[in-house]
Amino acid sequence: MLFSFIRYEVSFKVNQRDFTKKVKYLDQLIDITTCTNTRSELEDQKVELIKKAAKVIVEQKR
């Protein structure tokens, strides 16, 4: 039980780090983008990335 908890925590931290880094980069790109179409596409990608991160976290808990 302890090892599975530790494995889950490590996996959670790795995913949190990876997805947080990707979201920050997307935020930076959104901030500097002047084209409204590109900005909209980047925001859509950000939403999909956040959904994917949530799904990964939920699936790990099983």
Counting pairs of alpha carbon atoms under 8 Å apart in space and at least six apart in sequence, what relative contact order in percent does the chain give? 44
Once all protein chains are kept in place, residue 50 shows an accessible area at probe 1.4 Å, nearest 10 Å², of 90
For the chain, take the alpha-carbon Rg, divide it by the Kirkwood Rh, and send me Rg/Rh. 1.16
Could you do me a favour and compute the accessible area per residue for the chain, 1.4 Å probe, result in Å²? 86
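The values are calculated or read from the model by the stated rules, or taken from the named source; none is laboratory data. In this text the structure is predicted, and so the values were computed from the model without any measurement. Please note that ligands, DNA and RNA were not included when accessible areas were found on the heavy atoms of the full protein model with its side chains. Shrake-Rupley method; radii C 1.70, N 1.55, O 1.52, S 1.80 Å.
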